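Student: Got a structure for you, questions after.
The values are calculated or read from the model by the stated rules, or taken from the named source; none is laboratory data. Here the structure is a predicted model, which is why all the values come from computation and not from measurement. Counting neighbours? That spans all protein chains shown, and the Cβs are built from the backbone with ideal geometry, glycine included.
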Amino acid sequence: MLTGAAEANSHSQTLDSSNNGIMTSYEAMNLDLKGTDLVVRSACETGLGEVKAGEGVYGLQRAFLVAGAEAIIMSLWKVDDEPTQQLMNHFYANWVKTNDRPKAFKQAQQQLMANEKFKVPLYWGAFVMMED
């Protein structure tokens, strides 16, 4: 959900509106993301999709790849703000240093794991990186 999503439930806007604050897979798939290195979706459960028989999991992650993004970081369960912020800060700092997305992401998870407060997978394991 994006800006304006709260109004989508009101009578002034419907889900069919192109500016209702709710991004569908169809809308994401039709974006032009060619040349986009990374889409980060760090909110809760952003990697979940709908399972369809014979078709696998469909969701925004697949749509962003179809639109041209090279990689996506997303979460598989509810995440806390503090460890998420630390993970993302570590990731971007590592990526700038190494210019290697997967390596920077793995290092960021290890750095969060090294913090006694966020040692358990609940905090760092929610996030996955999917590459095209």
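Student: Tell me yes or no: at least one residue of segment 114-122 is at pLDDT below 95 and closer than 24 Å to residue 24 by Cα.
Tutor: Within segment 114-122, none of the residues are at pLDDT below 95 and closer than 24 Å to residue 24 by Cα.
Table: residues versus (1) touching a Phe, Trp or Tyr at 6+ places or on another chain (Cβ under 7 Å); (2) farther than 14 Å from residue 40 by Cα; (3) not in a helix (DSSP H, G or I).
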site	(1), (2), (3)
88	no, no, no
91	yes, no, no
95	no, no, no
106	no, yes, no
117	no, yes, no
